[in-house]
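Participant: This is the structure, below, for whatever I ask next.
The values are calculated or read from the model by the stated rules, or taken from the named source; none is laboratory data. Since the model is a prediction, treat every value here as computed from it, not as a measurement. Reconstructed Cβ throughout: ideal geometry from the backbone, glycine too, with neighbour counts over all protein chains shown. Just the protein is used for accessible areas: all its heavy atoms, side chains included, with ligands, DNA and RNA removed. Shrake-Rupley method; radii C 1.70, N 1.55, O 1.52, S 1.80 Å.
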Amino acid sequence: MTRLIATFIAFLVLPVSQTLAQEHEYIPGTTFDPAIPTVEQVLGYKTSEEISLYGDMLRYFEALQNAAPDRAKLVYYGKTWENRPLVYLVIANSSNLSALDTLSSQMKRLADPRVTTPTDAEQIIDTLPGTTWLGYGVHGNEISTLDAAMETAYHLLAATNSDQVDAIMENSVVFIDPQQNPDGRDRAITKYREARGLEHDSSPISAEHREPWPSGRVNHYLFDLNRDWLPMTQPESEAKVAALLNYFPLVFIDLHEMGGNSSYYFPPAAAPLNPHLTDGQLAGLEIIGRNNASYFDRYGIDYFTREVFDAFYPGYGASWPALYGSVSATYEQASSGGLKFRRNDGSILHFRDSVRNHLLTSLSTAEAVARNRERYLRNFYEYRSSAISEGEDEDDRFYVIPAQNDQAAADKIAGLLTKQGVDVLKTSEEFVACGTTYQPGSYIIDSAQPAKRLLRTIMDENVPMDQPFLDEQERRRDNNLSDQIYDVTAWSLPHMFNVNVDRCGSIRTVEGELAGTNYYTPSTVFNPSATVAFIVPWGQSTASRFLTNALRQGIVVKSADMAFTNMDREYPAGSLIIEVAANEAGLATKLENIAQMTGAEVVGVNDSWVSDGPSFGSSNVKRMHAPKVAILWDTPTVNYSAGNTRFVIERQYDYPVTAIRSSDIAGADLSPFNVIIIPESRSGYKGTFGSRGADNLKDWVNEGGTLIALGTGMRYVTDPDVDIMSSRREYAYREGEKEEMEEGARVDGTLMTGSEDYNAAIEDQDADPDSVPGVMLRANVDLEHWLTAGSAETVNVLYRGSDIYTPVTIDKGRNVINYAPAGDILASGYLWEENRAQLAHKPFVISEPKGRGQVIGFTADPTVRAYLDGLNLMLVNAIFRGASHSTPTR
């Protein structure tokens, strides 16, 4: 007892800084400034005792800013869909923190060698601090990231005896983005807290370790934000890119978690690498990786490098910043999934361990930047400078985006490039380049600019992978091993948007101005005093948004199934007709407002006479009703597919969607809905729907509903036990007849004369085609079907996975869009030759009438990541034209 009292008294008389050191054993021996509040002092718990909500972090960061206003600045830079603020905390010494505006302006000068000479650059490099951006938790359920961000901020501001922290604060500025996905974070932590019991459970199958659908990995619209850097469809991504381009941080680190049975990953990255990365960037990663390794060695922490997590696809946080010149990387920590996790080997991984490891690499990275400040600054300038030189030497130096039928898509590409820091010239005069005449409104993009490598990566038809890497993937396939391609191999913006882009080696000076960041230009009604009708040419996203907004306002709209000519102007199939007599007074004002909001072309006409094609009163001109649209939600849908599709309809096309839980299909009254969308599913819908659900859907379709199946959702409607659609999913094609294995304990003997006989003997006779990581395929469009109204003759499809479907017979329906022949099918990416051969001529879009309704199938999901703008017209047609071609009782 006396001994206990003595110990207690000794504890009481310890200096405050030493007491705090015992609270923060993440880095043993560190002492802290008592003026800087700990997490426990602000939130009432230590980071090892609780997993924090986003609001907890905001309270703590505000407390840090209040405690050290000369060294910490909290910046609000955007909002999520659920209205949570997006923030980053800037930490620096008082001199550097007070000069953030100067840092921004000087980095922008360094980023443009066209105006900053090498001499001027050296002067800037001599004066600027290094900059490190630490981005935590782009996947909201990767739980240690936010708490590690709080500990990192605390250590930088409070540590008093750390040479590492002293170096960081003296020579650098650290930007801490504590949670890139706040909506997903709070969803994940709320569900985790709801599932906890009397004790924290380490079992991997306990409820607190098994997130319910849709998981906190994704944001509000269920996007994987670590794939959204390229298209920037989500507010979190757009705001973050704008913040980065304000400072051009020299190093960007994306901190993640992975499966709990692993250890810790940091770079160098796995193959394949993006070919536009430079030796200077790779050397910069090596410095950081080795510094991280030295600390992990010091504390006996396992790690690995190179084996997974490539730097090829430009939509990662580990990739996109590198294309403006940063040194960027992913860090992955094994996740405890709660406060503790039992691994397969029986050991327990604690939450505090994962927080510590991210803290160590965060500080180690910032230290590497601070101690190599000049090197990283100089490499950044050289990256931007060499990009210009490379662009000047290219044979096809210039990209030209002509004025074209889908001008809205061309305008969006220009706006998207501009938002990402690319200079795009919008021309104001006609010009000739490489023998082609281009109209005003065309865009010219010169590769000889600092953002050239980003431009090449996202605009070129193909970004090649190293041949040795591809050879290795083929060898692995031959041995029935999975390939090592981590994500898609194709992402060309012109392909995804179905936009024509030309290349030219030389272009004279052309009048114009730099494009802005808007995706469309507000329009106005031509001839607003028209007495007969207003016509909206179909085929662009602006027209689709015009339709949805007109329907929501109760405007009576028709649409022509075929092209027609009115007053000497030809209008494409699908064009909208708004008749004055069918609508209420004030129509022109309503249409003017919608044109301003959507950018759609609206033409008033005083004569209904059609000289070619269907007249306004023809049976080939359909009334466009405002459909009630539903989408399947919850298990077993793929969260990405459900969320991305809903986003496209609601946020890109301004039309509300009702989410119906899949488990309700069997017993629900579906009659209020005109359209039901079946998103992708990994496990399938049969078990969830049962026979009652199948019958309910069939009855609903026969009574006039439009059922749309996307991607692997096609597996349900084509299943013979369900038989809503007559197409069937194919096995992998095998030459020769299928060999049936004899039944019985013994079989007839065989002879094998070589490895080919052996390989044939071990081949699965009922195997799926090999899974494709992701390629862009060309598909040919049947322009005589109402479903393709307004489409180009060919479209590009992102094909992933292994699903290939048979064409429907002509008596059952129409194969509206089919993949191109084998020799022409591949637009971009790397495709296994067997898949190339089997996919040729197979359907991408199928339409089958059923009773008074119909079923429309997309054999590949057209809404993946909401970046396939060139396919959006097909989805809009399926929903709105599909509903109008069905004949329910209205």
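Participant: Over the chain, average the accessible area per residue using a 1.4 Å probe and give it in Å², no decimals.
Facilitator: Here the residues of the chain average 40 Å² of exposed surface.
Participant: Only four residue types carry charge here, +1 at the Cβ of Lys and Arg and -1 at the Cβ of Asp and Glu. Report the dipole size of the range 619-775 about the Cα centre in Debye, rounded to the nearest 20.
Facilitator: Roughly 1380 debye for the range 619-775.
Participant: Next up: Over the range 533-659, what number does the Rg to Rh ratio reach, with both radii from the alpha-carbon atoms and Rh per Kirkwood?
Facilitator: 1.04
Participant: May I pose another question? Starting from the exponent 0.38 and prefactor 2.2 Å, build the expected Rg for the range 639-680 from its residue count and divide its actual Cα Rg by it.
Facilitator: Working it through for the range 639-680, the quotient is 1.21.
Participant: Send over the semi-axes of the range 345-424's equivalent ellipsoid, whole angstrom and largest first, taken as the square roots of 5 times the C-alpha gyration tensor eigenvalues.
Facilitator: 43, 24, 11
Participant: Follow-up. Looking only at the range 75-223, where both bridge partners belong to it, what percent of the DSSP beta bridges are antiparallel (to the nearest 5)?
Facilitator: Restricted to the range 75-223, the bridges split so that about 55 percent are antiparallel.
Participant: Starting from the Cα gyration tensor of the range 216-363, take the square roots of the eigenvalues, sort them a ≥ b ≥ c, and report rounded, prolate or oblate (rounded when a/c is under 1.5, otherwise prolate if a/b is larger than b/c, else oblate).
Facilitator: Oblate.
Participant: Normalising by the residue count of the chain, find the relative contact order in percent from Cα pairs under 8 Å and 6+ residues apart.
Facilitator: With pairs under 8 Å counted, the relative contact order is 10 percent.
Participant: Which translational diffusion coefficient, to the nearest whole µm²/s, is obtained for the range 729-826 from the Stokes-Einstein equation, given a Kirkwood hydrodynamic radius over C-alpha pairs, 4 °C and 1.567 mPa s?
Facilitator: 75
Participant: With a/c under 1.5 counting as rounded, go ahead and sort the range 22-69 into rounded, prolate or oblate using the C-alpha gyration tensor (a ≥ b ≥ c being the square roots of the eigenvalues; past the cut-off, prolate if a/b is larger than b/c, else oblate).
Facilitator: Oblate is the answer for the range 22-69, as a/c is 1.5 or above yet b/c matches or exceeds a/b.
Participant: Would you mind computing Rg(Cα) / (2.2 N^0.38 Å) for the chain, counting N as its residues?
Facilitator: In units of the 2.2 N^0.38 Å rule of thumb, it is 1.02.
Participant: Over the range 369-444, what is the relative contact order in percent, taking alpha-carbon pairs closer than 8 angstrom and at least six residues apart?
Facilitator: Rounded, it is 28 percent for the range 369-444.
Participant: Just in the range 583-670: which chymotrypsin sites (Phe, Trp or Tyr not before Pro) are loop by DSSP and have at most 14 other Cβ atoms within 10 Å?
Facilitator: Listed in order of number, the matching sites are TRP609.
Participant: Also, I was wondering about something else. Provide, in order from the shortest bin, the percent of all Cα-Cα pairs of the range 732-890 in each 10 Å bin, continuing until the bin that contains the maximum pair distance.
Facilitator: Using 10 Å bins, I get a P(r) of 9, 32, 27, 16, 10, 5, 0 for the range 732-890.
Participant: Over the chain, what percent of the accessible surface lies on carbon and sulfur atoms, probe 1.4 Å?
Facilitator: 47
Participant: For the range 412-478, state what percent of all Cα-Cα pairs lands in each successive 10 Å bin, counting from 0 Å until the bin that includes the largest distance.
Facilitator: Over the range 412-478, the share of Cα pairs per 10 Å bin runs 17, 33, 25, 14, 9, 1 percent.
Participant: Per DSSP H run of at least 4 residues, take -39500 (n - 2.57); add these up for the chain, divide by its residues and hand me the 222 nm value, nearest 500 deg cm²/dmol.
Facilitator: Rounded to the nearest 500, the figure is -10000 deg cm²/dmol.
Participant: Continuing with this model, one more query. Step through the table entries LYS108/LYS426; LYS79/LYS590; LYS419/LYS558; LYS628/LYS698; LYS558/LYS590, compare each Cα-Cα distance with 26 Å, and write down the pairs that go over it.
Facilitator: LYS79/LYS590; LYS419/LYS558
Participant: Loop-only GluC sites (Glu not before Pro) in the range 576-639, please: DSSP not H, G, I, E or B, and at most 13 other Cβ atoms within 10 Å.
Facilitator: For GluC sites (Glu not before Pro) across the range 576-639 that sit outside H, G, I, E and B with at most 13 neighbouring Cβ atoms in 10 Å, the list reads GLU584.
Participant: Of MET258, HIS220, PRO773, whose Cα points farthest to the positive end of the dipole of the chain (charges on the beta-carbon: +1 Lys, Arg; -1 Asp, Glu; origin at the Cα centre)?
Facilitator: Value: HIS220.
Participant: Any chance you could tell me what percent of the C-alpha pair distances in the range 671-783 go past 17 Å?
Facilitator: Of the Cα pairs, 71 percent sit more than 17 Å apart.
Participant: Still on this structure, please answer the following. Using the crude model of +1 on Lys and Arg Cβ and -1 on Asp and Glu Cβ, and no other charge, please compute the dipole size for the range 83-146 relative to its Cα centre, in debye to 20.
Facilitator: Using only the charged Cβ atoms, the result is roughly 220 debye.
Participant: Another question, then. Setting aside same-chain residues fewer than 8 positions from LYS46, which lysines have a Cα under 20 Å from its Cα?
Facilitator: Cα-Cα hits under 20 Å: LYS340.
Participant: Less than 15 Å apart at the alpha-carbon level, and either on another chain or at least 8 residues along: which aspartates and glutamates does that give for LYS412?
Facilitator: GLU238, ASP423, ASP869
Participant: Suppose every Lys and Arg Cβ carries +1 and every Asp and Glu Cβ carries -1, with no other charges. What dipole size does the chain come out with about its Cα centre, to the nearest 20 debye?
Facilitator: 2400
Participant: Around GLY78, which amide H atoms from residues at least 5 apart in sequence, or from another chain, sit under 5 Å from its own amide H, with H modelled in the peptide plane?
Facilitator: Answer set, sorted by chain and number: LEU86.
Participant: Still on this structure, I have one more. Taking square-rooted eigenvalues a ≥ b ≥ c of the alpha carbon gyration tensor, is the range 356-487 rounded, prolate or oblate, where a/c under 1.5 means rounded and, failing that, a/b exceeding b/c means prolate?
Facilitator: oblate
Participant: Take every Cα-Cα pair in the range 125-270 and report what % of them are more than 27 Å apart.
Facilitator: Percent of Cα pairs beyond 27 Å in the range 125-270: 32.
Participant: Show me the trypsin sites (Lys or Arg not before Pro) within the range 197-274 that DSSP assigns to loop and that have at most 15 other Cβ atoms within 10 Å of their Cβ.
Facilitator: ARG210
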